[in-house]
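Just so you know, all these numbers are worked out from the coordinates, no wet-lab data involved. All values reported here derive from a predicted model rather than from experimental measurement. Cβ coordinates were reconstructed from backbone atoms using ideal geometry, including for glycine residues, and neighbour counts include every protein chain displayed.
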Amino acid sequence: MPADFIILECANSNCLFRYPVSASSKFQNYCPRCKSPVRIALEYNEHPANNVLSTRTNVTSFSLLLDNLRSAYNVGSILRSADGFNISHIFLCGITATPENPKISKTSLGAESTVSWSYSPNSRNTAQYLKENGSYLYGLETGQKSHPIYEINKPNNILNKVLIVGNELAGIDPQVQELCDELIYIPMKGFKQSFNVTIAFGIAAFYLHYIDDLDK
């Protein structure tokens, strides 16, 4: 079976730069770091992650609202993580890029076609609609009204949990925050006040998705 990927390694013993390339690509035969010749160190057929069995279920209805994210790359990365958490739907609001933007596919790696999404120009109206239709809104935001994620409430008899993630600089729209049932934040141990929005989403989504299992 022809190889899908190739590991190239610099022949210069003082460099030894090692990196993967697609076997079907027209890769250069010199090191991008020191310009010495490269050799094929390894050939293989698929990424190990492709062998992991999916655990996709539909037990929990869990949606995501992105409130005016600036970076299409951040949106793409969040889409990929959202697929992994089996997010039921993503509401893309305001200036948040939609999957038609070619930058998204660079980080979503195909997840833009597997995750249900819709676009709304107004995040406040979308949050209001979700709340009026039985959703419980978690806003991922720092501030005096916010509490640590490990103190999160687990309401019963709700139709849908919605995690709201805000703009990388401005955060969640204050009027959207007012609609949230809870504002939660991820405690920081270093000097910075917050994580990158994609990292913060991943931490919060994991906690919200598996909170019942974590309590066992």
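Rounded to the nearest 10 degrees, the angle from helix 123-132 to the longest Cα principal axis of the chain is 60 degrees. Considering only beta bridges that DSSP places wholly inside the chain, some 35 percent are antiparallel.
Gln193 to Lys103: FRET efficiency via 1/(1 + (r/R0)^6), r the Cβ-Cβ distance, R0 25 Å, to the nearest 0.05? All intermediate terms of the calculation are to be shown ahead of the outcome.
Numbers: r = 27 Å, r/R0 = 1.07.
The pair Gln193/Lys103 has a calculated efficiency of 0.40.
Straight-line reach only, C-alpha to C-alpha below 18 angstrom: list the lysines that Lys189 could link to, leaving out same-chain residues fewer than 8 apart. Answer for Lys189, where 18 Å is the Cα cut-off: none of the lysines qualify. Dividing the summed -39500 (n - 2.57) terms of all DSSP H runs of n ≥ 4 by the residue count of the chain sets its mean residue ellipticity at 222 nm at -7500 deg cm²/dmol. Just going by the charge dipole of the chain, with Lys and Arg at +1 and Asp and Glu at -1 on Cβ, which of Cys10, Met188, Ile164 is farthest out on the positive end? Of the candidates, Cys10 comes out farthest on the positive side. Normalised Debye scattering of the chain at q = 0.13, 0.17, 0.18 Å⁻¹ gives log10 I(q)/I(0) of -0.81, -1.12, -1.22, counting only Cα atoms as equal scatterers and leaving out solvent.
Local charge sum around Glu141 (other residues, Cβ-Cβ under 12 Å, Lys/Arg +1, Asp/Glu -1)?
Values: positive: Lys145; negative: Asp67, Asp173, Glu178, Glu182.
Once all neighbours under 12 Å are counted, the net charge is -3.
The slack in the chain from Ser25 to Asp181, taken as 0.36 nm per residue of separation less the alpha-carbon distance, amounts to 51.1 nm.
Against the main long axis of the alpha-carbon atoms of the chain, helix 72-84 sits at an angle near 80°.
Can you work out the base-10 log of I(q)/I(0) for the stretch 94-134 at q = 0.27, 0.32 1/Å, using the Debye formula on its C-alpha atoms alone? Normalising to I(0) and taking log10 leaves -0.92, -1.06. Among the trypsin sites (Lys or Arg not before Pro) found in the stretch 150-206, those both in a DSSP coil and sparsely packed, with 13 or fewer other Cβ atoms within 10 Å of their Cβ, are Lys189, Lys192. Pick from Gln193, Gln28, Gln144 the residue whose mean-square fluctuation is largest in a GNM of the chain, springs joining Cα atoms under 10 Å. Maximum fluctuation in the GNM of the chain, among the listed residues, is at Gln28. Springs between Cα atoms under 10 Å define the GNM used for the chain, and in it the highest mean-square fluctuation of Ser123, Ser113, Ser77 occurs at Ser113.
What is the sum of charges, Lys and Arg at +1 and Asp and Glu at -1, for the other residues whose Cβ falls under 14 Å from the Cβ of Glu9?
Details: positive: Arg18, Arg33, Arg39; negative: Glu43.
Local charge sum for Glu9: +2.
Which of Ile40, Ile199, Ile184 ends up with the largest GNM mean-square fluctuation for the chain, with Cα atoms connected below 10 Å? In this elastic network of the chain, the residue with the biggest mean-square fluctuation among Ile40, Ile199, Ile184 is Ile40. Near Lys103, once Lys and Arg are set to +1 and Asp and Glu to -1 for all other residues with Cβ below 13 Å from its Cβ, the sum equals 0.
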